[in-house]
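Single-structure report; data block below.
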Amino acid sequence: MTQFKTLNRRSLIKALSAAGLLSASSVERALAANEAPLRVLTIVLQHGWGLSGTSNRFMTEDTNGFVFPDGLDPLNSIKEHCTVIDGLLGLGEWGNNHDLSYADILTAGVPFGQQNSSYDRHMPLSVTPSIDYLLQEHSGKAAFRFSAAYRSWGVQYHPLSFDRNSSILPFYTKASDAYNSIYKGLPTLEMPGLGGSDSAETRLLSQVFEFIKNPAQQQYDAIPAAEKDKLDRYLLAVKHLEDKYSVTVGYSGTERLARIPEAGQSSLDDFSSYLDMVKVGFANNLTTSAVVGVGDIIPLNDFHHVHAHTNSSTYWNTRRTYAQAIVKMVIEMSKVVDFDDNSLLDNTLIVLTGEVGDGRHNVVKKGHILIGGGNHFDVGRLINVPVLTGSAKDGLRREDINGTLQTNVRWSRSASDRTNADLWREVGIKAGLNLTEFGLPSQNRGDIL
Amino acid sequence: MSLFQLCSIALGLTAIVAVAGCGATQESRSSQANYASSSLKDAGSSGSPIDEVSSSAVSSASVSSNVGSTVSSVPSVGSAIDIIQDYCTSCHFDTHMQWQNYTTDALWLNAQNAKGESYINELDPENSLLLKRMTFYRMGAKDMPVDNANQAEPFTLAHYQKVHDWVIALAGRTVEPVGDNSVKVSQVFDEDGLELALECSPVSAQPLEVLISDPERFNTSTIAGYEGIKVRAEGASSADIAALTDVTADDSFWLTGEGLDIWESKIYFNALSTAVTHAGDINMTLDIHQVEGLSHEFAKVGLLVSSTDDLTGELVFVHWAGQHGLAEDSGEAKLDTYRQIEKNIDTSVPTTLPVRLKVVYENDKLKVGACYNCDSPAVGLPKKFNFKPKRIYIVASSHAQTPLKARLSLIDGQASKGSFKTVHTATVDCTSGVARLNVPSTALANLERLLVEVRRGDTLVAGASPIKAYSESASCAAQGALLEPKLRRLSELQIKNSVVDIFGDIFNENVWPELEDGAKLIGMNSNADKLNINNINFERMLDFSKAMIETLVTQHPVITACADETSETCVTSILTAYGKRLWRRPLTSDELAAFTLALNNINGNTEKLEFTLHALVLSSNFLFRSEIGVLLDGTMQYQLTNFEVVAVLSYALLNSTPDDELLELASQAAAISRPQLEAQVTRLFQSPNASASMMEVYKDYLKLDLVRSRPKDESLGFSDDVRHDLLDSAELMLIDNIEKNRSFTDVFSGSRYAVNSKTASVFGVDYRDSEQGWVDIDSAQRSGLFNHPAFLAVHSTLAKSGIVKRGVFTLEQLLCQELPDPPGDVMPVPLPEGVDPSVTSERELLQLTHSAQAACIGCHQVIDPAGFGFENFDTIGRYRTVEKGSVPIDASGVMDNIGSYVLSYGTSAEFSRELINSPQLKTCVATRFLENFLGQELAPSDCEAAKYNDLIDANGSAVKDLLLSLIQLESFTRRELK
């Protein structure tokens, strides 16, 4: 793969060790990690990235395969790192599927017929965990989840990520908050926990966290099942802080944030900060998975109708802005040498996705753009997934909330024979997960990559 | 409402025609209408009137299936189901696409009954969702334009009328018993149960047998009357049914299956067979519970129908196949056409069981269907044939040398008519000429509809089909409509108020947590299911806890003194005293012991206090208000504890933790009485915090806090200072109105606004003081909170007034109206040639480019008038009579489709006053308050919301009455799991 610049991390570790800046155990730990994991960053854009259709601009083909249309044109400069998937199915059945499919994007787990939830009357929830959560489980490192104004209907962030209890996993909605929570206080080199595991405050808080679990558990045992979910989340949150305050290793400090995000900065700046934090998080092994939601970054009169439904220059200018920020991060990632001497980009898969639902929206051309990951699969391809029409399309089914396969899912006149479940299953396997299927069983239809 | 009443309505609407669905001619219905009713309840009772069905009245009332009524004056528009299938694709409301599966009356009925759908309201068919939606789309008033490109013709009044009549008839469709005119039955069926009054003439010494059944469920049919048959290569032969079957105690039966093949012309099986009667109609359901001895992947069990008396005609075989799912085979004298119905996902294992297979023949159509473990399979035309069946076979074929055994049960909807699932039987003595029978609701399996048959010996002498009608006095508990037990996380403001009330106002403004809860535009933000502790919120709580403790150990006199002491006793005192306030109940001895144990491992009072305060504030016992209660034996109901009750009251009234007096009251052994609660409402309402607390509910209802963050065009100069001061102004106006003890809707009224030098230009007044001061503004221009710039700036777009935004908010939030979601691919329509947008009003542009579209007009006819009424104000709430320099503003409109009260207005100020005076707003505001108080989403029609509104109507409409009515609700102290 093309390398813009190389910086051998292995050499750096040894040099730091020689200079006494890393402990011997840290060096051993770092050098032992000679198989770099595939990191996965998903960038979810309100409505989707679009490659053709009534609201979209078409891709064209050249001798090398494809050319991104005006608006996504910054991606042409990194085309050799891109893999384009032409069309995937998502949640079906409902005409106005954009609003309904948020929970399905990273899960393929919203049952047929579900159209709302206690979270929001427009947003059903998933019954299966999201890919970022599975990767988090696998690595033992919390996924980064950021929202740059990816919201609607008054909810603070769209329900994208789910654990195994169908609980919505929270997103940071301000880059400054994310920084304060994840990065602030990290020393420049390897750190022994927040303030050090031996600090008096850490010891006291550890006792507090241990203590408060008991009354919560007693309360948990005494309440109706329907309410237990609230205490499940509470107990998970306690554990989250408990883990955070017992961190002893993690941040190697070889990659630094370009700048510290400021409170009150624009959502567009937040987006750039998020990408920066993801890059640094991946490079320093703070996490292996991240989700960034991108939405109404630029104030518009009526985002939903004017922006997302209109093939206007404004619409495409925003995409160009987002694409530029992504390309900048991609180039920077390609300069970082990973544990295995490949570039960080070659060990990172960036998936650009969006509301993949269909209903009356034709999904055949609803594309996914994959960037990076060259160390794990062939990149630089346009993948046309099989398309079903006519009666063949009737074979597409989806489980309802009781697990019964339902027919008459309202796909478009033609429909893709591959789903987001297929994509995440393959991505998960390449990232080390032991998956035979992902999301709802019916959505596993075949390989893509 | 009985069938009798339903059909009266139908006749009233289509007076000159027969209503086939009501199963009688107009004349016979008229005679029914003249039949006198009586009442079982005493005069003055609020119980339902007796629905009276005499044997003569029902003698010809056997109701048949009807797909649309026969309406001679209506042009031919196809059947009602066809109309729905053809036209309703863009109605896009919640259960939208389901009806594509409902191709028969039976499926429609089942969907409403068994699946709980509500397209057709059987108790009140005129209020059926289906009809309401069509009315919503202005059906009933005029024809509607072509709705989508697939439609060949517009949806007209004739279509509406057809569907209307069908709904009315379908809702009332029951199978009526017949009688011999010797017994008259009257009944009341309500929350208490069924009361039957029988009048017997002539009197007979023979007792009456009363059979009460569930009209939605058939008893399992027997296989008596079926013939055994074996079909092999050498031909068909009779078989001893006893040799083929083994009937079990639960009415299911084992069928032995044999035969080496069952495909193409090799149709080999064992079967039970019967000729089809009932003019060819079939409604046959076969449940396959178990299959034993399966040895071939293509073994099959199912229902086979034939167009002839044997297997030489057209055949359709719907079946369960060993490892290949559910399917339909068909052919002429053979089975060579295959259609998969449900696949077996893993064909390496046997196909899932149980399954239900169905064959229906009605309205000249043969339909089959199958599903896994379901109530009602969707049925559709077979792939190849549509024929009138003459014979039906219950088939089992092992496809192997060895037999299989299938455990089956049969529900023959034709043969079983009159054999519905029995729920209660009784013997009644009517020798005196009259008799009564009371059946408590507990004996009626929570059914909403019943079938009553009265027999004397073998003779059916009378019957009735009562539908449960709750009396006005029926409690929500009796209706199973109490609110649910909940854990409710404290809001940011409740955390702040609670901590300040407990420790004093000694904290900096920057200590309070900012939690990631989002701000819902529709509904109330206090919803218990919306407020959670997740990782981020818990991080914020930890930051808050640290900051709070830092303040307490340095500034709080008691805690500071304790930190300096060497004795640990004060730590325990602080734990006990402040723990009770923070957890809203005394700590149990176990909890105190756990604290003591933990504190023993900590050195120094400062550290002990830090641990104690962290552990109290970060505990779920502080963060979550418990409205769970104690489960009452033998019920799903939970009785809230006294401490929970006072917490509900305190947070409802003061948005804060219960004070010492409330906690003392809660400690009494007896349940807190209503007079005690009323006294506390009166006491607490005198607190200055009460007005502020009520003000917060109004703010949430209006979503005023969003004025701080709504993006606005930079050219407007809508600075943070202006936003802040406008919000402050609105809060002052609300508090002023609350404290004037106005009615809770008049709180929105008034033309005195708080203004300062920064907001004066927005209000359009000359006011130069930097402090807020009251200014009277011409009420013809600006009137009440709905004309306040803070409200108007929230509900508008970046640079425009936002007619649609304001309209939708008015309908959904202010008036609690339900709107469908917008359709998917709506593209703006180009402006007509010659229209210059720079000299055309936004109102007109909206109608030209958006609302006029066929897919939009239905909703926008309702939405737009609810938004036009704010057009006298621009995006930040400045008054205007023109826009774009000189284009006149038209802020007039009529809202005539949101209930009986018509809102008609000429200006925005008039619209504001109309809203405030409308009963719809009053009902909705009360409902929103109740949602806030009890933390659960409610519609005005929900039982507790309806009761609450009734109480307010009875008690008074002052703000305080919102609380006095609250404490009278059952759900204030009792909850129920759904």
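Couple of notes before you dig in:
- Filter result for B:ALA593 (at pLDDT 95 or above, more than 45 Å from the chain's Cα centre (by Cα) and more than 10 Å from every other protein chain (Cβ to nearest Cβ)): yes
- Count of the stretch B:338-363 residues which are within 13 Å of chain A (Cβ to nearest Cβ), part of a loop (DSSP other than H, G, I, E, B) and at pLDDT 90 or above: 2
- Residue check for A:ALA263: within 14 Å of another protein chain (Cβ to nearest Cβ), at pLDDT below 90, surrounded by fewer than 21 Cβ atoms within 10 Å (Cβ to Cβ) and not in a helix (DSSP H, G or I): yes
- Residue within the stretch B:562-579 that is farther than 30 Å from B:GLU484 by Cβ, buried (at least 19 other Cβ atoms within 10 Å of the Cβ) and within 12 Å of chain A (Cβ to nearest Cβ) present: no
- One residue from B:ASN537, B:ASN605, B:ASN601 being within 11 Å of chain A (Cβ to nearest Cβ) and touching an Asp or Glu at 6+ places or on another chain (Cβ under 8 Å): B:ASN537
- Under the condition of being closer than 12 Å to B:ALA435 by Cβ and either assigned to a loop (DSSP other than H, G, I, E, B) or among the hydroxyl-bearing types (Ser, Thr, Tyr) (or both), the residues counted in the stretch B:202-228 number 3.
- Looking across the stretch B:364-382 at every residue that is away from chain A (no Cβ under 14 Å) and farther than 12 Å from B:GLU328 by Cα, the one that is modelled with the lowest pLDDT is identified as B:ASP364.
- For B:ARG710: the one exception among (1) in a helix (DSSP H, G or I); (2) modelled with pLDDT under 95: (1)
- Spans of strands (runs of 3 or more DSSP E) in the stretch B:229-316 with at least 1 residues surrounded by 23 or more Cβ atoms within 10 Å (Cβ to Cβ): B:253-257, B:269-275, B:282-292, B:300-306
- Checked against the criterion of being buried (at least 18 other Cβ atoms within 10 Å of the Cβ) and touching a strand residue (DSSP E or B) at 6+ places or on another chain (Cβ under 9 Å), the stretch B:603-620 has at least one qualifying residue.
- One residue from B:VAL318, B:VAL291 being within 23 Å of B:ARG391 (Cα to Cα), in contact (Cβ under 8 Å) with a residue 12 or more places away in the chain and in contact with a Leu (Cβ under 7 Å, 6 or more places away or on another chain): B:VAL318
- Test: A:ALA142 is within 11 Å of another protein chain (Cβ to nearest Cβ), under 15 Å from the mean Cα position of the chain (by Cα) and more than 15 Å from A:GLU399 (Cβ to Cβ): yes
- Failed item, numbered, when B:ASN741 is tested on (1) surrounded by 20 or more Cβ atoms within 10 Å (Cβ to Cβ); (2) under 36 Å from the mean Cα position of the chain (by Cα): (1)
- Of the candidates B:LEU716, B:LEU677, B:LEU727, B:LEU653, the single residue that is modelled with pLDDT under 95 and surrounded by 14 or more Cβ atoms within 10 Å (Cβ to Cβ) is B:LEU716.
- Scanning the stretch B:528-549 for any residue that is over 33 Å from the mean Cα position of the chain (by Cα) and among the β-branched types (Val, Ile, Thr) turns up at least one such residue.
- Filter pass, B:LEU609 being in contact with a Ser or Thr (Cβ under 6 Å, 6 or more places away or on another chain) and in contact (Cβ under 8 Å) with a residue 40 or more places away in the chain: no
- Long-range neighbours under 8 Å by Cβ, at least six apart or interchain, first residue within 14 Å of another protein chain (Cβ to nearest Cβ) and buried (at least 24 other Cβ atoms within 10 Å of the Cβ) within the stretch B:780-801, second among the aromatic types (Phe, Trp, Tyr) and assigned to a helix (DSSP H, G or I): B:HIS795/B:PHE809
- Test: residue in the stretch B:625-640 that is at pLDDT 95 or above, more than 29 Å from B:ALA478 (Cβ to Cβ) and touching a Phe, Trp or Tyr at 6+ places or on another chain (Cβ under 8 Å): no
- Filter pass, B:VAL553 being in a helix (DSSP H, G or I) and surrounded by fewer than 20 Cβ atoms within 10 Å (Cβ to Cβ): yes
- Pairs meeting the criteria (first residue in the stretch A:207-233 and at the interface with another protein chain (Cβ under 7 Å from one of its Cβ atoms) and farther than 16 Å from B:PHE622 by Cβ, second residue at pLDDT 95 or above and part of a helix (DSSP H, G or I), beta carbons under 7 Å, at least 6 apart or on different chains) are A:GLN207/B:ALA598; A:GLN207/B:PHE611.
- Looking across the stretch B:474-529 at every residue that is at positive phi and within 14 Å of chain A (Cβ to nearest Cβ), the one that is modelled with the lowest pLDDT is identified as B:GLY518.
- If you go through the stretch B:293-308 and keep only what is at pLDDT below 95 and among the charged types (D, E, K, R), you end up with just B:GLU297.
- From the list A:LEU388, A:LEU435, the lone residue that is more than 14 Å from chain B (Cβ to nearest Cβ), in contact with a Phe, Trp or Tyr (Cβ under 9 Å, 6 or more places away or on another chain) and either at positive phi or at pLDDT below 90 (or both) is A:LEU388.
The values are calculated or read from the model by the stated rules, or taken from the named source; none is laboratory data. Model, not experiment: these values are computed from the prediction. Don't worry about glycine lacking a Cβ; one is built from the backbone with ideal geometry, like all the others, and counts go over all protein chains shown.
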